[in-house]
Amino acid sequence: MNKHLVALKAYLTKRKTAVSAKLAQAALSPEQKTQLDTVMSQIDSAISELDAATEDATSDQLASIFSKAVETISAITDSSMQQMQSDVQSKLTALQAKITISESKGKKFSARLNHKVLKTAEGYAKDDYKPYSAGVDVTAWTPESTIEDIEIFHPLIGVAAGFNVSTTSTTAIKLRKFGVVGNAIFVAVVANHGVKPVIQMVGEQNIVNVNTFGGVVEGIADEELEDNTGLQTEIQQEALENLAQFENLSAIALLNNSAQAYSNVNFGTKPKADEKTALAAIIDQVRQALGNRTSDISLALNSSQWALLKDLRNDNGTPIDIQSVIGDVIQVVDNTLTGDNFIAFAKKFANIKIYKGKTAEWYRGIKVVSVEGTITAVYSEWRTDEQSVRVRQREVMYISDDTTVVKGTISGVVAALKSVPQP
């Protein structure tokens, strides 16, 4: 027989054995059994034709045998694929049923130590160590997922609300400035083979450290906290409010120490200047200090001054709208500023960096009794049924460019705008 026919017969014989094994399975559906019977008859027919083929069979005969054999192999493959799909589907169905049953049950472990059961545990010698495991209730357990960090709310009061607030992981910050001497321009047009001018640079560095703001409320009676359920929260909030007030006073002191006086020469003088003109000149001085840099501008005044400015009128009593001047400015209300004092600054360069967020800690301390400055008794707050609360915050507050901070009075700026320069 032709060697190709021999190889083909061997393959078909092997497939016949596989189909016979499938037919012997009891779990076949009637449709699957009919399909396999058809395939089996096709294999038998193809093998019979191969046996009948002689060594000197013509090319047409061989081509006919091969084509029938290919159809048989295709039928076998199709049947196998259908069988595989059916098997996979049945397994998926069974798995889904298990999952459904699993989900309907609580995800719990039982944890009970029974010495009698341990004593009779099989597989261990009498004196051998017998392992014991206990679990926990995991009903509410969920797979790991992306965790979002929620930013801690940091309430700011007054001028501090105009600062740029962020966090820091270090206890000191280095403020470095590196630029051209005197802001001069040294670059020039250089002829071929000419010597280029030297750009003279200068640098400076300052270090600002984290400070701790804190205070303590002492001697709060346990009975008062027990009788008034909201008292603890109220005391805590008042203490934190006091901390924020001090933070704002520190911000004002920092700005006042860093600020420039009003001196907007480029704005010039305006004989008919009013408060609106003064606001424009103040904001313009900050913008000039910014140069090509971009930043929000904060302007702080007390509430009465803001009310007066927003009700500004001319000599005829006609309202003057100042919104065109302050529309893009952060309007900060701070009633610790007196009269018409103002502070204007670029927010980008006024920074508060929180090293450790605000905390309120309740604890038992010491109570000291004194008479005319002389200590007469010292008690633990455990003995007096009292406790104290401490509030604290660690932060660094700094101005990185003091040229962008301007302070003064609105009336003072108006007077400066109306003054006639002396020859």
### Query
Quick check: anything in the stretch 205-215 surrounded by 14 or more Cβ atoms within 10 Å (Cβ to Cβ), at negative phi and either part of a loop (DSSP other than H, G, I, E, B) or touching a helix residue (DSSP H, G or I) at 6+ places or on another chain (Cβ under 7 Å) (or both)?
yes
### Task
Might you let me know whether the stretch 341-357 holds any residue that is among the aromatic types (Phe, Trp, Tyr), surrounded by 15 or more Cβ atoms within 10 Å (Cβ to Cβ), modelled with pLDDT under 90 and part of a strand (DSSP E or B)?
yes
### Message
Just to be sure before I move on: is residue 286 outside any loop (DSSP other than H, G, I, E, B) and β-branched (Val, Ile, Thr) in the structure I sent?
### Response
yes
### Query
Quick one: would you say residue 225 is more than 30 Å from residue 418 (Cα to Cα), in the same structural domain as residue 349 (by TED's automatic domain parsing) and surrounded by 13 or more Cβ atoms within 10 Å (Cβ to Cβ)?
yes
### Residue in the stretch 250-272 that is farther than 30 Å from residue 416 by Cα and within 37 Å of the chain's Cα centre (by Cα) present
no
### Summary
When restricted to 281, 300, 307, 253, the only residue surrounded by 14 or more Cβ atoms within 10 Å (Cβ to Cβ), small (Gly, Ala, Ser) and not in a strand (DSSP E or B) is 281
### Message
I'd like the full set of residues that are in contact (Cβ under 8 Å) with a residue 12 or more places away in the chain and of a type in the set (Gly, Ala, Ser), limited to the stretch 357-390.
### Response
357, 360, 365, 380, 388
### Query
Regarding residue 290, is this residue touching a Ser or Thr at 6+ places or on another chain (Cβ under 7 Å), of a type in the set (A, V, I, L, M) and assigned by TED's automatic domain parsing to the domain that holds residue 356?
yes
### Message
I'm trying to understand the selection: among the residues of the stretch 362-384, which are charged (D, E, K, R), modelled with pLDDT of 85 or more and loosely packed, with under 12 Cβ neighbours inside 10 Å?
### Response
383
#### Entry: Total residues in the stretch 358-381, condition outside any strand (DSSP E or B) and of a type in the set (S, T, N, Q)
0
### Task
Would you be able to say whether some residue in the stretch 338-349 is among the hydroxyl-bearing types (Ser, Thr, Tyr), under 24 Å from residue 391 (Cα atoms) and either in contact (Cβ under 8 Å) with a residue 12 or more places away in the chain or outside the structural domain of residue 380 (by TED's automatic domain parsing) (or both)?
no
### Message
Pull out all pairs, ordered by first then second residue, where Cβ-Cβ is under 8 Å, the residues are six or more apart or on different chains, the first lies in the stretch 229-257 and is more than 20 Å from residue 398 (Cβ to Cβ) and in the same structural domain as residue 301 (by TED's automatic domain parsing), and the second is in a helix (DSSP H, G or I) and modelled with pLDDT under 90.
### Response
231/224; 231/225; 232/225
### Task
Tell me which of these residue 328 doesn't satisfy, since it passes every other one: (1) within 33 Å of the chain's Cα centre (by Cα); (2) not hydroxyl-bearing (Ser, Thr, Tyr); (3) not in a loop (DSSP other than H, G, I, E, B).
(3)
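The values are calculated or read from the model by the stated rules, or taken from the named source; none is laboratory data. In this text the structure is predicted, and so the values were computed from the model without any measurement. Virtual Cβ from ideal backbone geometry, glycine too; neighbours counted across all protein chains shown.
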